1. In region 237-281, which residue that is of a type in the set (G, A, S) and under 14 Å from L310 (Cβ atoms) is nearest to the ligand (Cβ to nearest atom)?
2. Would you pick out the residues in region 214-236 that are among the acidic types (D, E) and more than 14 Å from the ligand (Cβ to nearest atom)?
3. State all residues of region 10-31 that are without any contact (Cβ under 8 Å) to a residue 12 or more places away in the chain and in a strand (DSSP E or B); if no residue qualifies, say none.
4. From the list A224, A229, which residue is more than 29 Å from A31 (Cβ to Cβ) and modelled with pLDDT under 95?
5. Could you please find all residues in region 32-57 being free of Cβ contacts under 8 Å to residues at least 40 places away in the same chain and either within 16 Å of the ligand (Cβ to nearest atom) or on the phi > 0 side of the Ramachandran plot (or both)?
6. How many residues does region 274-307 hold that are surrounded by 24 or more Cβ atoms within 10 Å (Cβ to Cβ) and within 18 Å of V25 (Cα to Cα)?
7. Could you tell me whether any residue of region 182-202 is under 30 Å from L296 (Cβ atoms), assigned to a helix (DSSP H, G or I), in the same structural domain as A128 (by TED's automatic domain parsing) and within 16 Å of the ligand (Cβ to nearest atom)?
8. With the condition being more than 23 Å from the chain's Cα centre (by Cα), I'd like the helices (runs of 4 or more DSSP H) fully within region 39-157 carrying at least 1 qualifying residues.
Amino acid sequence: MAEIARGLRNVVLTETRLSMIDGEVGKLIIAGFPLEELAPHATFEEVLYLLWHDRLPNADELTTFTQQLSANRSLPETTLTVLQVAAQNKLPLMDALRMGVDTLSLVDPEPEATSIEANLRRASRLLAHFPTIVASYWRLLHGQEPVTPRSDLSHAANFLYMVNGQVPEPAITRGMETYLNTVVDHGMNASTFTARVIASTRSDMTSAIVGAIGSLKGPLHGGAPGPAADMVFEIRERAARSGRSVAEEAKDWATAKLQSKERIMGFGHRVYRVRDPRADVLGGAVRQLFQQTGGLDFYNDARAVEDAMLQALEEYKPGLRIKTNVEFYTALILHGIGLEPEIFSPVFAISRVGGWVAHILEQYAEDELIRPTTNYNGAYDRKWVPLAER
Ligand code: COA
């Protein structure tokens, strides 16, 4: 029997020009750029163009691309109706996003077209709708009317405008851009793999993206930042109640979790054995954001929580090198931007869909069916027993 690579650990599926991860030294390259070179400077539109076209756009190309996205923000009537029904049933946000994106097939003006150009147009339409679906559903869930998107705002600023009904300050928009850029693509993660598997059957782009949303929903992938934020809030509250320091409360919290064999969200990674470089980039952006908006107390407490978690993980899981991952700092930056933990996973999807699209296009170009095998460990030679005799 062939050797099993459980979880496909260390299995190299294919080649990609989109991102490179070195888990031993903590390095992430996005389409040729070290993450720290790209994420704090670019707009999300520039990063999308880079991933989809393998180069940065010039001014004219960026204007055309930005207009293409902003022209596709309004939701079709059916999508809005689905979101309204979902809100009446209080469905989780990721489920509403998945169902909302699925309805976009209804308004695809060229459903049969599969050329690269047609898929790029489809990708722009899908991606442009993500923030509107998430923001509209968030407001519906909270008994508010959705806010009509504005075409004169950037992708990042318009999303926050649709959530809050107010145009965000430049520092907040910059924080959002840096977050979106930081998590847009990351090798063969589970949701990207899901998208590529679906695309490898020559299925359509919308199906691949809907499948990827389902994969991202899981707590081991995109579901971690909400609980990571809740952890920091809870530990701060405990410290405020007890009069002890945040570090002391965090130590007790970590000990209790690890003794009961629970995982600490925002720590550990399948590939990184050192600190996740995305945590560093977001860490810098978070500090800058809190300096400008006046939340440094929260930032310092969160750092104390991080230190306590790292110490406890080293003590209870020695040698496993479980370090801070992107989700811990995602929690801090999205909190600093003013978003609630429940919306964190769909906001991750608003970014990652850019990477999914690029991988789907690569997969279409490769045109190789992804189909691993299994070793059978069931019974042999069973004999058929008629129903009446069972
Ligand atoms: N808290 C506590 N223990 C953890 C841990 C965490 N965050 N991450 C890994 N471990 C432990 C596991 O319990 C296991 O311990 P054991 O060997 O004593 O049973 C060991 O480390 C290996 O775990 P495994 O799940 O095989 O490692 P992995 O490389 O597949 O894990 C994650 C990757 C992301 C699934 C894992 O680190 C995790 O669950 N993290 C928390 C969720 C999270 O933050 N996800 C976002 C990722 S960006």
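The values are calculated or read from the model by the stated rules, or taken from the named source; none is laboratory data. In this text, all values refer to a predicted model and were calculated from it rather than measured experimentally. FYI the Cβ positions are ideal-geometry reconstructions off the backbone, even for glycines, and counts take in every protein chain you see.
1. Restricting attention to region 237-281, the residues satisfying the condition of being of a type in the set (G, A, S) are 239-240, 242-243, 245, 247, 250, 254, 256, 260, 266, 268, 279.
If we keep only those that are under 14 Å from L310 (Cβ atoms) too, we end up with 247, 250, 254, 266, 268, 279.
On the way: A247: 19, A250: 14, A254: 9, G266: 5, G268: 2, A279: 10 Å.
This residue is G268.
2. Going residue by residue through region 214-236, those that are among the acidic types (D, E) are 230, 234.
Result: E234, single match.
3. D22, I29, listed by residue number.
4. Working: A224 fails: more than 29 Å from A31 (Cβ to Cβ).
Selected residue: A229, the only one of A224, A229 that is more than 29 Å from A31 (Cβ to Cβ) and modelled with pLDDT under 95.
5. Matches in region 32-57: G32, D54.
6. Residues that pass the stated criteria total 5.
7. Residues of region 182-202 under 30 Å from L296 (Cβ atoms): 182-184, 186.
After this cut, where a residue has to be assigned to a helix (DSSP H, G or I) as well, the list is 182.
Of the ones still in play, those that are also in the same structural domain as A128 (by TED's automatic domain parsing) are 182.
Within this subset, residues satisfying the condition of being within 16 Å of the ligand (Cβ to nearest atom) are 182.
Scanning region 182-202 turns up at least one residue that is under 30 Å from L296 (Cβ atoms), assigned to a helix (DSSP H, G or I), in the same structural domain as A128 (by TED's automatic domain parsing) and within 16 Å of the ligand (Cβ to nearest atom).
8. Working: elements: 44-53, 59-70, 77-88, 93-102, 116-141.
The helices (runs of 4 or more DSSP H) meeting that bar are 59-70, 77-88, 116-141.
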